[in-house]
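Note sheet for the following structure.
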Amino acid sequence: MDVTTKFLGELLGSFTLIALGCGINMNLNLNKSYGEGNKAAISGPLSWGFAVAMAVIVSSPFDTGGHFNPAVTVGQWVAGVLDAKFLLPYIVAQFIGCFLGAIVVSFVYKGHFDATSDDPGKLLGVFATSASIRKNNGVFNFSAETIATCFLVFIGLAMGANHGGEVVVNAQVKNVSHMVGFGSLGALPSGFMIFAIGMAYGGVTGWSLNPARDLMPRLVHQILPIKGKGNSEWGYGIIYASIAPMIGGLIAAAIYLSVQDYFIK
């Protein structure tokens with residue numbers, strides 16, 4: 001498919017990711033929401049996992065690979081599995097889609113933002129990520145985002161190399177084994193991956209894993225006239241939620257290049 005088609009797919013997928021993902025955060029955390037108070041540790045990772053799966057489904061007709069994340073896009077380009085001509089269009093689409101998704105879901109929850117005006121930390125947290133321990137924990141926070149994103153990108157590369165979402169049928173037709181796709185269910189492995197990473201590392205930093213996912217909702221937090229919102233904490237967003245994931249993606253690409261001969265092509 002051409003660049004324009006893939007651009008549209010990444011934009012729609014990124015929009016879906018944030019419109020659902022940040023909506024999950026708002027539902028679970030903003031005052032007077034029906035979801036407020038659901039503090040089960042499983043809720044966030046499981047819900048975001050399904051949000052990713054839905055985003056993959058939305059983008060699948062456009063054959064983008066369902067990145068929605070500059071760390072994934074750059075990692076796949078470095079690993080040699082993404083054509084360079086798609087690099088910039090993918091990333092631009094991801095940022096635009098994430099921004100628009102945050103705008104749309106913020107409009108819906110306007111009344112709940114007003115009801116939460118006495119808690120600036122919560123108002124930022126429904127948009128962007130932050131470390132659970134900030135003081136004297138910078139190295140560990142940075143490492144958490146780097147390692148978690150390394151898993152994200154490497155697992156994604158491994159799934160792609162092993163034809164994720166497909167299964168070889170035992171029965172053969174004319175002595176040829178046939179691959180049978182799972183259709184929309186092929187998005188579920190991506191959701192399971194996000195769930196597993198979130199359960200493992202989400203307690204440290206809220207697992208950004210994705211510069212577009214964090215920076216664009218953070219920008220929406222910055223520009224919207226939300227009563228009592230406080231600081232948007234750009235320093236954290238740039239260093240821990242953006243630079244660390246990009247490094248993690250590059251490490252994953254390097255690991256993949258060193259072992260790629262072991263994967264089924």
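As a rough footprinting exposure proxy, the listed residues 150, 22, 98 were ranked by other beta carbons within 10 Å of their own, and the order from fewest upward is 150, 22, 98. In a simple Cβ point-charge model (Lys, Arg +1; Asp, Glu -1; nothing else charged), the chain has a dipole of about 320 debye relative to its Cα centre. Remark: 199, 216 ranked as 199, 216, counting other beta-carbon atoms within 10 Å and listing the fewest first. This ranking places 95, 107, 263 by how few other beta-carbon atoms lie within 10 Å of each, fewest first, which gives 107, 263, 95. In the chain, the longest principal axis of the Cα atoms and the axis of helix 138-161 are about 30 degrees apart.
Other residues lying with their Cβ under 11 Å from the Cβ of residue 241 contribute a combined charge of -1, Lys and Arg counting +1, Asp and Glu -1. Structure remark: mean-square fluctuation, Gaussian network model of the chain, C-alpha springs under 10 Å; the largest value among 45, 189, 217 belongs to 189. Pairs with C-alpha atoms separated by more than 24 Å, drawn from the list 6/110; 6/229; 32/135; 32/229; 135/229; 135/227, are 6/110; 6/229; 32/135; 135/227.
Since every read-out is calculated from the coordinates, none of them should be taken as a lab result. Computed from a predicted model, the values in this text were never measured in an experiment. A quick note on method: Cβ atoms are made from the backbone with ideal geometry, for glycine too, and the neighbour counts reach across all protein chains shown.
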